[in-house]
Each structure stands twice: as structure tokens, then as C-alpha cells.
Amino acid sequence: MSLKKYDGLQSEIYVPITPQPVWAPVTKELKDMKIGIATAAGVHLKSDKRFNLAGDTSYREIPWDTKSDDLMVSHGGYDNSDVNKDINCMFPIDRLRELAKAGFIKGLAPVEYGFMGGGGDIEAFTDKTGPEIAQKLKAEDVDAVIMTAG
Amino acid sequence: MQRAIESVGIPTILIAALPPVVRQNGSPRATAPRVPMGANAGEPHNVEMQTGIVKDTLKQLEILDSPGKIVPLPYEYIAKV
């Protein structure tokens, strides 16, 4: 049986397209890993410039030994009340420091990263902000990154 | 962001409150505790829950062997709105 073919024929129904998979293999054990944090939750130092709640593709650097009381959130896309009570809800820096002390991981990356996710200029995030943060993490020999987003 | 970091060879894992969104965006590795958006890593000041979520999430780095998996985690926090 032969089927009729129409070049370029496509469904009129919108079909969401999931991007091609990306995958970096894990080569070390957790106890030997330096872990970084990257969060889309809009976390930054209280002394830093706030994110523009109407849309912002910039990011903020957070040194690994920052006190959690010196951190805050500016993000217009979710209910901030939990994270205002305890930054660890979205940025578990105290928990990671405890895990490093206990030897579960080797340590934290020297710098963690906060940005304001949840939409906005996706192109800028994909082409600029994302690669910039990725390069910085690579330059600092970070072994793996834990993220909060979505 | 997760994909950008993964593309330079650094493995990543994401704690998600909205697993369908994460799946749609092509996250390579994710965990999903039962939490509201804004408390992905657990209830405020609940050190035990937060430690559990972070530990179990990191452990998945050693366990997962192919992209696109979202692992449910047995923690639940319902925010009082």
C-alpha cells in the first residue's frame, strides 16, 4: 500500500515542542563535588540592585559565605511570603553549608547566582544570561549545580 | 538557564514546584516535592524538610542516567494562603 504524501503539511493544532535533550554526565561522587546554586527566584544581596519586576534578564552574584539574613528576593512572578520568612525555601544556602560541613558534599561554589525567571525576554536569557553564568561556573570548576525554578 | 549550564558540561538538577512546566522546557534532571511555587526547597524554617529535599535532590545526580526525568519526592508542604 502506498500513502499519499503532502510536503509541508502540518497540524492546525498547536503542538508544544520540547527542546532537544541536553546532558552533562556526572563523573564524581557527591562527597567530592563542589556544588553551585542557581535560582530563578530573584534572590540577591540586600545591598544589591533589585530586579525590575516588570522584566529583567540580569543576574546577581552571591558569595558562598553570605549570611542568609543578608539576602532578599525581588520577583514579581510568585508569592514571596514564604521566601521572605526564610530565604532557604528557594535558596537553600544554609542547608548546603550544613551538608558540606557534614561531608555529604565537598563544598559550595565560591559564587552562587540569582536571576528573575518566570518568563520575560527568553531570547536574552537563552543567548546571553544563561551562557554568561554557565561560563563563570565553568571557570570556577564547579562540579554540579542545584537549581530552584518552575 | 539549566540547559545553558548543562551545555558547558556541568551537570545540573532542578527542584521544581511545577513539573509540567519543567518538562515542557526540557529540563535534563529535576525533582518534584509536593510544594507550592515559592517554597521549592521546602517549608520556611523547616530544616528537616529542607535538608531532606536538598539531599534527595543531590542524590539523584548520582542516580539518574538519562535526560528528561522528573523524580517525585515524598515531602509535602501546603502553604496557608
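Taking all protein chains into account, the per residue accessible area for region B:33-81 stands at 54 Å² (1.4 Å probe). Checking every one of the trypsin sites (Lys or Arg not before Pro) in region A:41-125 against DSSP loop status and a limit of 13 other Cβ atoms within 10 Å picks out A:Lys46, A:Lys49, A:Lys67.
Compared with its chain on its own, region B:48-80 contains the following residues whose accessible area drops by 10 Å² or more in the full protein assembly (probe 1.4 Å; ligands, DNA and RNA excluded): B:Gln50, B:Thr51, B:Val54, B:Lys55, B:Leu58, B:Lys59, B:Leu61, B:Glu62, B:Asp65, B:Pro67, B:Tyr77.
Springs between Cα atoms under 10 Å define the GNM used for chain A, and in it the highest mean-square fluctuation of A:Ile13, A:Ile35, A:Ile105 occurs at A:Ile13. Of the two radii for region B:3-81, the radius of gyration is 0.98 times the Kirkwood radius, both from the alpha carbons; that is the Rg over Rh value. For chain A, the longest principal axis of the C-alpha atoms and the axis of helix A:130-139 are separated by about 50°. For region A:16-85, the per residue solvent-accessible surface stands at 55 Å², with DNA, RNA and ligands left out and a 1.4 Å probe.
Highest mobility in the GNM of chain A, judged by mean-square fluctuation with C-alpha springs under 10 Å and restricted to A:Ile122, A:Ile37, A:Ile133, is found for A:Ile122. Would you kindly give the portion of the calculated P(r) for region A:1-79 that falls above 19 Å, as a percent of all Cα pairs? Value for region A:1-79 (Cα pairs over 19 Å): 65 percent.
Here region A:19-135 is described by how far its Cα atoms reach on the three principal axes: 41, 38, 21 Å, from widest to narrowest. Excluding ligands, DNA and RNA and using a 1.4 Å probe, chains A and B jointly bury around 4100 Å² of accessible surface, summed across both partners. In order along region A:13-30, the phi-based Karplus estimate (6.51 cos²θ - 1.76 cosθ + 1.60, θ = phi - 60°) of 3J(HN,Hα) comes to 7, 5, 10, x, 10, 8, x, 4, x, 10, 7, 10, x, 8, 10, 10, 7, 3 Hz; Gly and Pro are listed as x. Per-residue Karplus couplings for region A:102-110, computed as 6.51 cos²θ - 1.76 cosθ + 1.60 with θ equal to phi - 60°, are listed in order as 7, x, 5, 10, 6, x, 9, 5, x Hz, Gly and Pro entered as x. Using C-alpha pairs below 8 Å separated by at least 6 residues, the relative contact order for chain A is 38 percent.
Just the number, please: carbon plus sulfur as a percent of the accessible area of the protein assembly as shown, 1.4 Å probe, no ligands or DNA/RNA counted. Percent of accessible area from carbon and sulfur atoms in the protein assembly as shown: 53. Can you list the residues of region A:97-126 that have at least 30 square angstrom less accessible area with all protein chains present than in their chain by itself, probe 1.4 Å? At a threshold of 30 Å² (probe 1.4 Å), the residues of region A:97-126 that become less exposed are A:Leu99, A:Phe104.
Cut-off 10 angstrom, C-alpha nodes, Gaussian network model of chain A. Which of A:Gly107, A:Gly119, A:Gly55 fluctuates the most? Among A:Gly107, A:Gly119, A:Gly55, the largest mean-square fluctuation in the Gaussian network model of chain A belongs to A:Gly119. In the protein assembly as shown, helices alone account for a calculated mean residue ellipticity at 222 nm of -6500 deg cm²/dmol, with every DSSP H run of four or more residues adding -39,500 (n - 2.57). Length, then width, then depth: along the principal axes, the Cα atoms of region A:98-150 run 40, 25, 13 Å. Contact-buried residues of region A:8-44, at a threshold of 20 Å² lost accessible area versus the chain by itself: A:Pro16, A:Thr18, A:Pro19, A:Pro21, A:Val22, A:Trp23, A:Ala24, A:Val26, A:Leu30 (1.4 Å probe; DNA, RNA and ligands ignored).
What is the protein assembly as shown by shape, rounded, prolate or oblate, if you read a ≥ b ≥ c off the alpha carbon gyration tensor as root eigenvalues and call it rounded for a/c under 1.5, prolate for a/b larger than b/c, and oblate otherwise? It comes out prolate by the Cα gyration axes. Only protein heavy atoms count here; on that basis, with a 1.4 Å probe, B:Ser27 has an accessible area of about 10 Å².
The values are calculated or read from the model by the stated rules, or taken from the named source; none is laboratory data. On a predicted model such as this, the values are computed, not experimentally measured, just so you know. Ideal geometry is used to build each Cβ from the backbone, glycine not excepted, and the neighbour counts take in all protein chains shown. The accessibility values were calculated without ligands, DNA or RNA, using every heavy atom of the protein model including side chains. Shrake-Rupley method; radii C 1.70, N 1.55, O 1.52, S 1.80 Å.
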